[in-house]
Amino acid sequence: MNAATTAPLSIAQILDKVVATEGGYVNHPDDRGGPTIWGITERVARRAGYTGPMQAMTRNVALGIYLLEYVEGPGFHRVHALSPRIGYELIDTGVNCGTAVAATMLQRALNALNDQGKLYGDIRVDGDCGPATVAALKAYLAARGAQGEVVMLRALNALQGERYIAISEGRPQNESFTYGWFAHRVVI
C-alpha cells in the first residue's frame, strides 16, 4: 500500500483500500492460504466465526473480520492513533504477512532507530504490539518528528520487501506472488 504518500486515512478508509486491493474470491494452487475472499483466508474466517461458503462472504463480513483480526486484535489501532500512516502500513503488512510479523518489523525498526538507547530503551521483539511498543513509537515520533515518520515507513517497507524475497527463496511457488507483492505493497 502507499501509506507513505497518501493523506492520513481513517481505519475504515484503510480497510476499504485493503479489501479493494485483495479483491474477490481466489483459490490459487500456489497459495498455502487456500480459498480466500477479500484477502481473508478460510482459516482466518473460521477462527473469526464465519461458517458459510468462502465464495459467499460479503464485503461487510470481511471488513468486520479485518477490524477484529488485523486492527484491534494486534493493537494496531493504538499505533494508528499516534501515526495514521504507520498504522496503515502495519495493518496492510499484517494482512499480507501476519500481524505478529508486522509488529516484529516495527519493534526491530524502533530498536535500530533509537540512537543506541538515547531516545528510549530497546524493547522486546516479540510480535506483540502492546504498551511498550506503543510507548517506544510515541517517544520515537516525539524525538524524530515528521521526518521520523517517513524514515520509519521506509524501514518498514524495506523489511517487508526483504521478507518477500526470503519467502520466495524458501518456497519457489511463492514466486507466483512476489512481483505483485512488490508492485502493490512495498513503497519506498
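Some observations on this one:
- Between Val125 and Val26, the FRET efficiency estimated from the beta carbon spacing at R0 = 35 angstrom works out to 0.60.
- Ellipsoid equivalent to segment 134-177 - semi-axes via the Cα gyration tensor, in Å: 32, 10, 6
- Inter-label distance, Glu72 to Thr51: 2.1 nm, where each label sits 7 Å from its Cα along the C-beta direction.
- Taking each residue as 0.36 nm, the span from Ala7 to Glu162 lengthens on full extension beyond its C-alpha to C-alpha distance by 53.2 nm.
- Per residue Cα convex hull volume in Å³ - calculated over segment 11-185: 108
- Mean ellipticity per residue at 222 nm, deg cm²/dmol - from DSSP H runs of n ≥ 4 across the chain, formula -39500 (n - 2.57): -19000 deg cm²/dmol
- Inter-probe distance in nm under a simple model that places probes 7 Å from Cα toward Cβ, at Arg171 and Val150: 3.7
Laboratory data are not the source of any read-out in this text; all were calculated from the coordinates shown. Just so it is clear, the model here is predicted, and its values are computed rather than measured. In this analysis, Cβ positions are derived from the backbone assuming ideal geometry, glycine residues included, and neighbour counts consider all displayed protein chains.
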